[in-house]
Amino acid sequence: MMFLMVGMLQGITPPPQYVCPTCGTSFSSQAELDAHIASAHPAPLGYQCPYCDETFPTLQELINHVNTGHPDQPPIQAIDIVWE
């Protein structure tokens, strides 16, 4: 904090922080943030249907499947999908 205050008085701006949107961890470079995201928060391999064993490469395909392939279940939207 002292560096920041002294730097502000001297017109020095602190280095930019790159913050992970998932967990909030800060990094000093975009490359470090990208490496963190790739290792700590990998993209899902597919979107699995909550009602059967099928998986789909895109979220829209999953939504279409659930809404047409499971008429006995309530329709879903992208906002309804929660990643664990």
* Structure fact -> Once amide hydrogens are built 1.01 Å from N within the peptide plane, the residues lying 5 or more places from Ile76 or on another chain with amide H under 5 Å from its amide H are Asn67
* Taking amide hydrogens as modeled 1.01 Å from N in the peptide plane, which residues meet the under 5 Å criterion relative to Thr25, leaving out close sequence neighbours? -> Cys20
* Applying the Karplus parametrisation 6.51 cos²θ - 1.76 cosθ + 1.60 with θ = phi - 60° to the phi angles of segment 45-55, what ³J(HN,Hα) value in whole Hz is obtained for each residue in order, glycine and proline being reported as x? -> 6, x, 10, 8, 5, x, 10, 8, 8, 6, 10
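Rule-based calculations on the coordinates, nothing more; no lab input. These numbers come from a predicted model, not from an experiment.
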